[in-house]
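Beneath this line is the structure, given in structure tokens, with notes to follow.
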Amino acid sequence: MNRLCYGVSKDAPWSGDKTMTARFFEKEGDMFKTGLIIGAHLEELSFGEKTVKGLSKTGIETIRIDRGISNEGNRNQPKSRRMSGLHHLYYGIDERVRNRFDLVLDLHYGFSAEAWGTDIFSSKAGFLDFLDTELDRTFPKRVHSPENVRLFKIIQNEGSKAPVFDDRFPVCLSFLPESIVNNEYYHYVGLEFYLTSKKGSRADHRLSRRMILGIHECAGRCLCRKA
């Protein structure tokens with residue numbers, strides 16, 4: 001997992017409000033738009049480029065970050081400097097996506113020799129509930145299983161107060177600015193795809209594309225419902 005962006009709590013899951021307030025599609029005839037961020041971490045740009053192949057005709061627009069943060073180069077930097085660089089990058093991304101997209105997907109990558117998988121991060125428990133149900137219809141059980149697909153509820157970064165828990169979603173502490181992960185202009189979703197090799201197989205990227213399309217379609221149905 002990319003610890004620079006997310007820190008997953010091992011405590012009980014989050015119990016936040018599970019209602020979804022729909023501010024999207026306020027004008028009749030609006031089209032649901034999804035932006036797909038690749039390259040926020042420099043070393044992962046090539047993976048993102050492989051994943052997004054074939055998505056150009058799906059209504060999903062790629063947001064390519066040519067000069068993302070380098071995980072390798074940041075390891076010896078003080079945490080305050082790493083966080084400053086991370087926030088500067090995402091404030092710039094926010095300027096590019098605000099008022100252009102309804103859904104923003106942020107792609108990251110890890111490795112798992114056992115099987116392909118993905119972690120999905122959202123600040124909206126209502127969206128996670130909807131996604132959990134709809135993915136059952138979109139993916140076969142061998143793909144959408146607790147081992148392959150995990151849903152996390154984003155809460156405010158390290159300075160947040162102790163959350164209240166229930167039995168639904170594990171908590172994820174985000175190091176991204178709160179104005180990015182929880183705002184009224186678009187819905188932010190973080191994705192961490194686990195590839196089965198250092199380069200990622202064709203099957204890995206095919207499953208990743210399928211997951212992106214599934215989330216795009218689910219969000220279009222969920223976020224467009226009137227409150």
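Coordinate-derived values only; no laboratory data. Fair warning: this is a prediction, and the values are worked out from it, not measured in the lab. Cβ sites come from the backbone with ideal geometry, for glycine too, and all protein chains shown count toward neighbours.
Structural remarks
- Positive minus negative residues near GLY39 (Lys, Arg vs Asp, Glu; Cβ under 10 Å): -2
- Peptides 43-52, 63-72, ordered by how many other C-beta atoms sit within 10 Å of their residues on average, highest first, read 43-52, 63-72.
- FRET efficiency for SER56 and ARG137, using Cβ-Cβ distance with R0 set to 25 Å, rounded to 0.05: 0.45
- Cα-Cα over 20 Å, subset of LYS57/LYS153; LYS124/LYS198; LYS33/LYS53; LYS124/LYS199; LYS50/LYS198; LYS33/LYS153: LYS57/LYS153; LYS124/LYS198; LYS124/LYS199; LYS33/LYS153
- Once the Cβ-Cβ distance of ARG96 and ARG210 is raised to the sixth power relative to R0 = 30 Å, the FRET efficiency obtained is 0.70.
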